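All of the numbers you see were taken from the coordinates with simple rules; none came from a lab. Since we're looking at a predicted model, the values are computed, not measured. Methodologically, a virtual Cβ is constructed for each residue, glycine included, from the backbone with ideal geometry; neighbour enumeration extends over all protein chains shown.
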Amino acid sequence: MTRRPAPFAALTAGLVLLTLSGCGSEDTAAAPSEAGTAAADAFPVTIDHLWGSTTIEEEPERVVVLGVTDSDPVLALGTVPVAVQPYTFYSETGVGPWAEELLQGQELEVIPSTGDVNVEQIAAYAPDLIVGVSAGFDEVVYDQLSQIAPTLVRPAGTRAYGVPRDEATRMIARALGQKERAEELIAEADAAFADAVAENPQFQGATATVMLPFSGVYGAYLPADARGQVMDELGFEVPAPILAEDTGESFYVELSQERLDLADGDVLVVLTDDASRAVVEGDAVLQDLPVVREGGLVLPDLDLRGAMTYNTVLSAPYAVAELTPLLQEALAATR
């Protein structure tokens, strides 16, 4: 079905904080445009997604971003959002360092990533477009947001926080009337990976696990996750024992201390913050893994962790530039 905005007064009384959890129909090709300037024939546009379709009648001017990584393509396409809901490690700035220049000196309103969507708060921003492609809220929240403004969510057949970089960029670009600019951005991100692979043939087929410590265990990311995708695009493969644990129901495999040996390989990348880095460095079981003993442990700083987690058209080149020399050194030590 097509969702059209309705006045906020039409929402039922007593809205509370609610749990967070393509292809459009317009065929006319957009004319060449500069970033931030929509093609003249870009609107109206109807974009299909998980819960039907959303029609955007005219170029949006007040965009609220609820997808944790969606601010990157929005900014790259020339629009500074009114408010964003980023990952918690950018709760102050709202964006990673790779996107700061695109704020054009403007300060973003940052919506805390609490796991909830406060619909009344979103309405107060008076948006004319809500972007939640990289988000996890449910259809009930979507219906309420759609009464405030046209709301964009992930495509059918994708899971929450799992929309591929190119697909998310193209979807958001159509909503902003910037289809051609999207292809340029996608090509630039792809080229960063392609160049790194060409310059480092030793990456091809090497095994690497990306993990995050939490609650006394580790989450080993699968290829469907953004962090896993970064390694995949650089030519690395997830160790077979990790892949064997993939049930298709999650984006990571949980590894207890007794199962850390599944993560052994040519390289081990562990994503930390200030608190968890000390835990990793003091983990005797992890430190005794062959890959770690041989020098294959990579501990990215917080911004590199952020760039890998985002894996957007803006963060991907940053991630490649910062991660490649670390992987070169780690792989040289274990081979």
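Considering amide H positions built from the backbone, and no H for Pro or chain starts, which residues 5 or more places from residue 162, or on another chain, come under 5 Å of its amide H?
For residue 162, no residues qualify.
Quick one: Karplus J couplings for the range 156-173, per residue in order, coefficients 6.51, -1.76, 1.60, θ = phi - 60°, nearest Hz, x for Gly and Pro?
4, x, 10, 10, 3, 6, x, 6, x, 3, 5, 5, 5, 5, 5, 5, 5, 5
What translational diffusion coefficient, to the nearest whole µm²/s, does the range 187-335 have by Stokes-Einstein, given a Kirkwood radius computed over alpha-carbon pairs, a temperature of 25 °C and 0.890 mPa s viscosity?
Rounded to a whole number, D works out at 162 µm²/s.
Under the rule of at least 5 residues apart or a separate chain, name every residue whose amide H is placed under 5 Å from the amide H of residue 217.
For residue 217, whose amide H was placed from the backbone, there are no distant partners under 5 Å.
Determine ³J(HN,Hα), in whole Hz, for all residues of the range 216-228 in sequence, where each value follows from phi through the Karplus function 6.51 cos²θ - 1.76 cosθ + 1.60 and θ = phi - 60°; x replaces Gly and Pro.
Result, rounded to whole Hz: x, 10, 10, x, 9, 6, 8, x, 6, 7, 4, 5, x.
Starting from the range 59-104, pick out the GluC sites (Glu not before Pro) whose DSSP state is loop and whose Cβ has at most 15 other Cβ atoms within 10 Å.
Within the range 59-104, the qualifying GluC sites (Glu not before Pro) (loop, at most 15 other Cβ atoms within 10 Å) are 61, 92.
With a/c under 1.5 counting as rounded, go ahead and sort the range 133-209 into rounded, prolate or oblate using the C-alpha gyration tensor (a ≥ b ≥ c being the square roots of the eigenvalues; past the cut-off, prolate if a/b is larger than b/c, else oblate).
oblate
Which of the peptides 281-294, 149-162 is most tightly packed, and how do the rest follow, going by the mean number of other Cβ atoms within 10 Å of each residue?
Taking the mean over residues of other Cβ atoms within 10 Å, the ranking is 149-162, 281-294.
Multiply the residue separation of residue 101 and residue 37 by 0.36 nm, subtract the distance between their alpha-carbon atoms, and state the gained length in nm to one decimal.
Net length gain for the segment: 21.2 nm.
Two decimals, Cα atoms only, Kirkwood Rh: what is Rg/Rh over the chain?
0.99
Counting other Cβ atoms within 10 Å, keep those with at most 12, restrict to DSSP loop, and tell me which GluC sites (Glu not before Pro) in the range 243-274 are left.
Hits after loop and neighbour filter: 249.
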